[in-house]
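Structure record follows, encoded as structure tokens.
The values are calculated or read from the model by the stated rules, or taken from the named source; none is laboratory data. Treat the numbers as computed from the prediction; the structure is a model and nothing was measured. Backbone-built Cβ (ideal geometry, glycine too); neighbour counts: all protein chains shown.
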Amino acid sequence: MVAANDNRAPRPLTGRMVLICLIGFFAVVFIVNGIMIGAAVSTFGGVETASSYQAGLAFTREAAAAHAQDELHWRVTAHVRPTAGGTLVDIDVRDSAGRPLAGLTANAHLAHPNDRRLDQEVSLSEGAAGQFRGTSGAVRGQWDVIIELSRDGERLFRSRNRVVLN
């Protein structure tokens, strides 16, 4: 039977023990940092802006295009909903008097808010004048729906809206 109260003296704290504890502590820190860096680098989707100067110029062009778009007074409605095979996008385009607009080319894009690698293009086809429909393979969750309408290669309308697909 072992006695509960052992009268041995505590081990002294030596320089060697301090060195071993210090090396062990920093080894654990370096290992955890290596794991975190590996996880961060493997999940990074890419650089957001390659050139801030070019982004500034693009902002100026986008601001001018937004003012021109506001002057058109178009009414564009989009309905985005999940279906069994993906996501259905319906777009209706009307002028300020409520008449459908013909002769437009429509493009739609589902952009994932956190990862560009998940972005989806929507192939749209025009049914009646001013009505476009298309499908995408997007999954459920939050998406930014980007709609662009153009005529003869010139973009006349652009919108970006957040939707939640359930």
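Quick notes on this structure:
- Count of the stretch 69-92 residues which are free of Cβ contacts under 8 Å to residues at least 60 places away in the same chain and surrounded by 11 or more Cβ atoms within 10 Å (Cβ to Cβ): 8
- The set of residues from the stretch 113-166 being at pLDDT 90 or above, surrounded by 17 or more Cβ atoms within 10 Å (Cβ to Cβ) and assigned to a loop (DSSP other than H, G, I, E, B) comprises just one member, G130.
- Some residue of the stretch 88-103 being at positive phi and either more than 20 Å from the chain's Cα centre (by Cα) or in a strand (DSSP E or B) (or both): yes
- F132 vs. criteria among the aromatic types (F, W, Y) and closer than 22 Å to A63 by Cα: no
- Hey, V145 closer than 27 Å to A68 by Cβ, hydrophobic (A, V, I, L, M, F, W, C) and in contact (Cβ under 8 Å) with a residue 24 or more places away in the chain or not: yes
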